[in-house]
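Participant: What follows is a single structure, and I will ask about it in a moment.
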Amino acid sequence: MSALYEGGALNTRFIFLRHGQTDDNTVLRISTEPPGPSLNPVGREQARLAGERLVSAVGVRAVYSSPLGRAVETADIVASIAGCDVRIVEELAECRAGSAEGRLHQEIDSQIRRTWERWLQGNLDHPFSPSGETARAAAARITTLLGRLSQFDPSDNAFVLVGHGTLFRIALLAVCPNLTPEFVQPRWLENGGYVEVSMSDGVGRCLSWQGESPPHTARAEWG
């Protein structure tokens, strides 16, 4: 059931699903600009398994996708299993890497570490690279999308949002007060992995992070 009653309010459930694996993922190459790489065979199987799990365990109301090719391919596989269409929205595009585009993680490891340290400390105006997108701008895109989708009538099925690891990690911290930087920092979102969120009155609550229960208490102000 995805329309949940909590505290007298009817909530809507969202599934944040990371796309399946690409060959760039296997070598940790940064790819944030369209069209980007395609799914490899492992990635297509991850998308199929995710679609089957979601249809069985949650129920799929609609599938929305990032415009990047790997996300669209994942969304198409999930939607074909769920029997619905895919709607492509710019808000689900990956956090833009700017001058870091195409680089291997090992080449700019210290830059990536510094960026995540600053973001997790609440410095959301720090860009991914000098010409990249800030965490605040990326999170704002997701907040806008959730606000728009939350205006639909409640349903027993979930909205599945297919997107990207960096975008989802930072945006979910912004949306869900029960997620803490300490919880998110060591937990990368795996290819084909997903996070389940319940939304009410513009505030989210993470129900499950790749099957793991998040903290029960709200954090202090962040960002």
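The values are calculated or read from the model by the stated rules, or taken from the named source; none is laboratory data. Everything quoted here is computed from the prediction, not taken from an experiment. Heads up, the Cβs are rebuilt from the backbone with ideal geometry, glycines too, and the neighbour counts pull from every protein chain shown. Remember, those area values only see protein heavy atoms, side chains included, never the ligands or the DNA or RNA. Shrake-Rupley method; radii C 1.70, N 1.55, O 1.52, S 1.80 Å.
Participant: Can you give me the % of accessible surface on the chain that is carbon or sulfur? Probe 1.4 Å, all protein chains present, nothing else counted.
Facilitator: Numbers: 4890 of 10040 Å².
About 49 percent, which is the carbon plus sulfur part of the accessible surface.
Participant: Next up: Against the globular-protein guess of 2.2 N^0.38 Å, express the Cα radius of gyration of the stretch 44-94 as a ratio, rounded to two decimals.
Facilitator: Numbers: Rg = 10.3 Å, N = 51, 2.2 N^0.38 = 9.8 Å.
For the stretch 44-94, the normalised Cα radius of gyration is 1.05.
Participant: Can you put Arg141, Arg87 in order of accessible area, largest first, using a 1.4 Å probe? Present the calculation step by step, with values, prior to reporting the outcome.
Facilitator: Details: Arg141 35, Arg87 120 Å².
Highest to lowest solvent-accessible surface, that is Arg87, Arg141.
Participant: Stokes-Einstein D for the stretch 176-217 at 4 °C, 1.567 mPa s, Kirkwood Rh over Cα pairs, in µm²/s? Don't skip to the end; give the middle numbers.
Facilitator: Numbers: Rh = 10.8 Å.
Estimated diffusion coefficient is 120 µm²/s.
Participant: What is the percent of Cα-Cα separations in the stretch 151-207 that go past 14 Å? Present the calculation step by step, with values, prior to reporting the outcome.
Facilitator: Values: 918 of 1596 pairs.
Roughly 58 percent, rounded to a whole number.
Participant: Taking 1 over the mean of 1/r across every pair of different Cα atoms in the stretch 118-163, what Kirkwood radius in Å do you get? Don't skip to the end; give the middle numbers.
Facilitator: Values: mean 1/r = 0.0795 Å⁻¹.
Result for the stretch 118-163 stands at 12.6 Å.
Participant: Also, quick follow-up: Evaluated at 20 °C with a viscosity of 1.002 mPa s, what Stokes-Einstein diffusion coefficient in µm²/s does the chain have when Rh comes from the Kirkwood expression over alpha-carbon pairs? Present the calculation step by step, with values, prior to reporting the outcome.
Facilitator: Values: Rh = 17.4 Å.
Here the translational diffusion coefficient equals 123 µm²/s.
Participant: Which cysteines does the chain leave without a neighbouring Cys Cβ under 4.7 Å?
Facilitator: Cys84, Cys95
Participant: With an 8 Å Cα cut-off and a minimum separation of 6 or more residues, compute the relative contact order for the chain in percent. Don't skip to the answer; put the middle values down first.
Facilitator: Values: 473 pairs, mean separation 63.3, N = 223.
In percent, rounded to a whole number, it is 28.
Participant: Highest first, please rank the peptides 36-48, 109-121, 166-178 by the mean number of other Cβ atoms sitting within 10 Å of their residues.
Facilitator: Ranking the peptides 36-48, 109-121, 166-178 by packing returns 166-178, 36-48, 109-121.
Participant: Here's something else I'd like to know. How far apart, in nm, are two points set 7 Å out from the Cα along the Cα-to-Cβ line at Gln185 and at Phe152?
Facilitator: Each label point is offset 7 Å from its Cα along the Cβ direction, giving 3.7 nm.
Participant: Okay, next question. Excluding ligands and nucleic acids, what accessible area in Å² is computed for Thr143 using a 1.4 Å probe, to the nearest 10?
Facilitator: Per-residue accessible area (Thr143): approximately 80 Å².
Participant: Sorting check: for 76-83, 183-190, which peptide has the highest mean count of neighbouring beta carbons within 10 Å, and how do the rest follow? Could the numbers behind the result be given before it?
Facilitator: On the way: 76-83: 19.4, 183-190: 15.2.
In descending order of packing, they fall as 76-83, 183-190.
Participant: For the stretch 1-107, what percent of Cα pairs sit more than 23 Å apart? The partial results should precede the final answer.
Facilitator: Numbers: 1968 of 5671 pairs.
When every Cα pair of the stretch 1-107 is considered, 35 percent fall beyond 23 Å.
Participant: Residues in the stretch 107-122, backbone N under 19 Å from the label point at Glu33 (7 Å along the Cα-to-beta-carbon vector): list them, ranges by number please.
Facilitator: Label zone hits: 107-108.
Participant: Identify, among Ser99, Asn123, Val162, the residue whose Cα sits farthest towards the positive end of the charge dipole of the stretch 92-171, taking +1 on the Cβ of Lys and Arg and -1 on the Cβ of Asp and Glu, with the dipole about the Cα centre.
Facilitator: Farthest towards the positive end: Asn123.
Participant: Work out the FRET efficiency for Glu52 and Gln121 from their Cβ-Cβ distance, taking R0 = 45 Å, and round it to the nearest 0.05. Walk me through the intermediate numbers first.
Facilitator: Details: r = 39 Å, r/R0 = 0.86.
Efficiency, rounded to the nearest 0.05: 0.70.
Participant: Let me ask something additional. What distance in nm separates the simple spin-label points at Asp109 and Glu45, each placed 7 Å from Cα in the Cβ direction?
Facilitator: Taking the simple label geometry, Asp109 and Glu45 are separated by 2.9 nm.
Participant: Could you report the stretch 130-223's accessible area per residue, 1.4 Å probe, as an integer in Å²?
Facilitator: Details: 4060 Å² over 94 residues.
Accessible area per residue, the stretch 130-223: 43 Å².
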